[in-house]
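Data block below; observations after.
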């Protein structure tokens, strides 16, 4: 190999390495875009979405609803727990397309847990889709980011 071939090879490797690092950094930046406090369309509840061990979770941090307890829970032992502080979004994984998948959402209004997909449609709008089986059979609610 000539010196110029080695220099070109080294340059290409450096550029590819930089692009890989940039891509990973950008992907990580997109993955954390849902972190923060969100409100539902009725504006009667606030949720904090956070990351733990490369998965994403969400808990109720404020509410003005009728119930303050998890009274619809199918497990009688859990019906006395407070809704504020309750983790309702569980185990989401970022899939690289402004979408978080493979998670579940617990709906305290009916006491059921659904499969769920989160899609960031803009920096301050999050589509939360709960469904049974396939996402075709479900309901979407758009949350708004507060901070």
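Below are the figures for this structure:
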item	result
Length-normalised contact order of the range 56-128 in % [C-alpha pairs under 8 Å, at least 6 apart]	26 percent
Förster-model FRET efficiency, 25 Å R0, residue 69 and residue 95, C-beta, rounded to 0.05	0.10
Residues 122, 115, 135, sorted so that the one with the fewest Cβ neighbours within 10 Å comes first	122, 135, 115
The range 35-145, Cα convex hull volume normalised per residue, Å³	103 Å³
Spacing of the two label points (7 Å from each Cα toward its C-beta) at residue 87 and residue 112, in nm	2.3 nm
18 Å reach of a label modelled at residue 53, 7 Å along Cα-to-Cβ, counting backbone N of the range 91-107	91-94, 101-105
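Bear in mind these aren't lab numbers, they're just calculated from the coordinates by the rules spelled out. From a predicted model like this one, the values you see are computed outputs, not experimental measurements. Cβ: placed from backbone, ideal geometry, glycine included. Neighbour counts: every protein chain shown.
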